[in-house]
Ligand code: PMP
C-alpha cells in the first residue's frame, strides 16, 4: 500500500471510496464499544475477588496491636505504610496512607496550598495574584482539571521520549508565580514513557524561584508492567533530599489498578517536615481513613514480591489487549504514514499522534460508528491540543474480541479523516 501523502489525487479518491464503504459497514453493525478510560476489565476485577474472603476472624482486625475497626492512626496503619514504602522504595515514616483514591489526596494537597499554603508558602495560594502550574503534555486530563479548577494558569511543557522537556521546566521555574508541576514518572499517562534517570535527577535538583514549588509525583503506574519484568525506579524523595530539596516533592500512589479502582487504598509520601505540616491540617479534617480496607489490602497483597506476582496476572490479561491494539496499528496504519504511536510496556494507554488537524474528526467518526474514545484534546491543558493530533487509546476495559473491532473502527476512521485532510 502506498503511503497516503505519496498517492496521486486519483489514487486517494479511489481509496476514499473504498474506506468510506468500510466505514458505512461498521456503522451498520450498530456497535457500542468503549476505549475511553483506563478502567480494568472484568477479568482483572474477578482476579482479585478473593480479597473479600479475608478477615473472617476477629484476630484479622488487629494489626501491630491496633484494632483497625476503631478510630485512630490518622496517617494509616504501620503495616500499610510498610507495604507502600517497599513498593515505592521510600521509608515507611514518609508514607501517609489515605482512602480509596490518590486523586483525592492530590486534590487535597493543592487545595491545602490554596486555603492554607504549603509548608514553605509565604501566604496561601488564594492570596497570590496569579499562580501558574506546569503541565507536561500530553498528560492526564484529571490532573490538569484540578489545577484549572483553582484558577491556576496552566503552562504546557512538551513531553520528550524521556519525560518532560527539562530545559523548558528549568526555564519556567525561574518565574516565582510557577508553584508546581504534574508528573506521571513511570508509564506516563498517556505516552507510556518512563522518565530517564537524567530527567529525574534534573527534576529533583530544580532551583525554583517559588519557595513552595511542589512536584506532584503521581506514581500511579509504579508496578504496572504488562510486558517484561518489573522495572526498578529511583526514589524521588531521596533524590530531592540529596539535592537539598527535601520538601519539594509529594509522591502519590494507589492500588486502584492493583486491586479495585475506587475500592482500594492510596497514599502520599513526603519529607518529615511536610508530613508534620500535613498531619496537623489533616487531623482537623478527618479522624482516620478506612483502616479496615487498609488491613484487607495488607493481608491480601502482603509485600512487594507478592504484589508483583499479582501484577503478573494482570499483565497476562493486559498484554494481549495492548498487542492487539499496537499490532492493528502496525498493520493497518504504519504503511500509510498518517500517524505515529508508542509501544508501551506498562501503564494503561497507547498514545497515538494522528495527522495534525485530524484528531477531533477521527473521534467524531468513531462516535458515529459506535466507538467511544477519550475526547480529542483531553490530554492537553484546557482540553485543547494545539495540533489537534493526540488520541489516547485505553485498551483495558473491552474483552479482546470487542477490542479487535474497536481498533479496526479506529483505523478506518483514521484513514478517512487523513484522506479528507489530504484532499480527495
Ligand atoms: N493518576 C493517574 C496518572 C491515573 O491515570 C489515574 C487513573 N486513571 C489516577 C491517578 C487515579 O488514581 P486513583 O484511583 O488512585 O484516584
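Worth a mention:
- Failed condition for residue 169, given (1) crowded, with 20+ Cβ neighbours inside 10 Å; (2) out of contact with any helix residue (DSSP H, G or I) (no Cβ under 8 Å at 6 or more places or on another chain): (2)
- A count restricted to region 117-134 and to residues that are in contact with a helix residue (DSSP H, G or I) (Cβ under 9 Å, 6 or more places away or on another chain) and surrounded by 16 or more Cβ atoms within 10 Å (Cβ to Cβ) stands at 9.
- All conditions but one from (1) without any contact (Cβ under 8 Å) to a residue 40 or more places away in the chain; (2) at negative phi apply to residue 65; the one that does not is (2).
- Tally, over region 318-374, of residues that are part of a loop (DSSP other than H, G, I, E, B), away from the ligand (no atom under 16 Å from the Cβ) and in contact with a helix residue (DSSP H, G or I) (Cβ under 8 Å, 6 or more places away or on another chain): 9
- Residues satisfying the stated conditions in region 141-156, i.e. within 16 Å of the ligand (Cβ to nearest atom) and free of Cβ contacts under 8 Å to residues at least 60 places away in the same chain: 142, 145, 146, 147, 149
- Residues of region 86-112 classified as in contact with a helix residue (DSSP H, G or I) (Cβ under 7 Å, 6 or more places away or on another chain), buried (at least 18 other Cβ atoms within 10 Å of the Cβ) and part of a helix (DSSP H, G or I), total: 7
- The set of residues in region 177-222 being away from the ligand (no atom under 14 Å from the Cβ), in contact (Cβ under 8 Å) with a residue 60 or more places away in the chain and out of contact with any helix residue (DSSP H, G or I) (no Cβ under 9 Å at 6 or more places or on another chain) consists of 211 alone.
- Qualifying residue in region 212-230 (condition: modelled with pLDDT of 95 or more, farther than 23 Å from residue 297 by Cα and surrounded by 24 or more Cβ atoms within 10 Å (Cβ to Cβ)): yes
- Restricting 138, 124 to residues that are touching a residue at least 40 places away in the same chain (Cβ under 8 Å) and not assigned by TED's automatic domain parsing to the domain that holds residue 344 narrows the list to 138.
- Any pair with Cβ under 9 angstrom, 6 or more apart, that starts in region 244-257 at a residue that is assigned by TED's automatic domain parsing to the domain that holds residue 210 and ends at one that is in a strand (DSSP E or B) and near the ligand (Cβ under 8 Å from one of its atoms): 251/218; 252/218; 252/266; 253/218; 253/266; 254/266; 255/266; 256/266
- Residue within region 269-287 that is within 20 Å of residue 40 (Cβ to Cβ), within 16 Å of the ligand (Cβ to nearest atom) and either in contact with a helix residue (DSSP H, G or I) (Cβ under 6 Å, 6 or more places away or on another chain) or in the same structural domain as residue 94 (by TED's automatic domain parsing) (or both) present: no
The values are calculated or read from the model by the stated rules, or taken from the named source; none is laboratory data. Everything quoted here is computed from the prediction, not taken from an experiment. Here Cβ is always computed from backbone atoms with ideal geometry, including for glycine, and neighbour counts include all displayed protein chains.
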